[in-house]
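The values are calculated or read from the model by the stated rules, or taken from the named source; none is laboratory data. Quick caveat, the model's predicted, so the values are computed rather than measured. In this analysis, Cβ positions are derived from the backbone assuming ideal geometry, glycine residues included, and neighbour counts consider all displayed protein chains. Protein only, heavy atoms only, side chains kept; ligands, DNA and RNA dropped before computing areas. Shrake-Rupley method; radii C 1.70, N 1.55, O 1.52, S 1.80 Å.
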Amino acid sequence: MRSSLIQLFLFAISGVFGFVVDTAVLYALAPLMGPFYARIVSFLAAVFTTWLVNRALAFRNRTSELSKKSEFARYLMLMLIGGGINYAAYSALVVYSPLVRHYLVLGVAAGSLAGMVVNYLSSRFLIYRFPSS
């Protein structure tokens, strides 16, 4: 139980890194691409970041038994499920909340929280399911 809580905490730390990357890329690209297309790119940058950090921290004692390229491809595919939830929450808030339209970071935060549970469970049980040898 304790190791699962530590793993969840480290996954959340990875999410903080992803959140920072997501927000930075969004704010860099939104003036050029708009808040919806820029969020797609920022989300993909965040996925790559969280994959790197999760491999090094949260799931360092577990393995996927896949090559890095295959592991990232699987990670990306599974993160798209949580990403759909994330993007839906973000988009709804951008459309319906003037405050979020002005402060996109609030939409990123809400979307990230909405998708986090799905992303953790898919990472833990569908990617990093084997203890490291």
Exercise. About its Cα centre, how strong a charge dipole does the range 54-133 have in debye, to the nearest 20, once Lys and Arg get +1 and Asp and Glu get -1 at the Cβ?
Worked result: 240 debye
For this session: Keeping all protein chains in place, calculate the accessible area per residue for the chain (probe 1.4 angstrom), answer in Å².
Result: 56 Å²
Exercise. Do any chymotrypsin sites (Phe, Trp or Tyr not before Pro) in the range 16-115 lie in a DSSP loop with no more than 14 other beta carbon atoms within 10 Å, and if so, which?
Worked result: Y103
Exercise. For the chain, modelled as a GNM with alpha-carbon contacts under 10 angstrom, which of T63, T49, T23 fluctuates the most?
Worked result: T63
Exercise. For the range 33-133, what % of the accessible area comes from carbon and sulfur atoms, probe 1.4 Å?
Worked result: 71 percent
Exercise. Which listed residue (G15, P131, G84) has the Cα farthest towards the positive end of the charge dipole for the chain, taking +1 on Lys and Arg C-beta and -1 on Asp and Glu C-beta about the Cα centre?
Worked result: P131
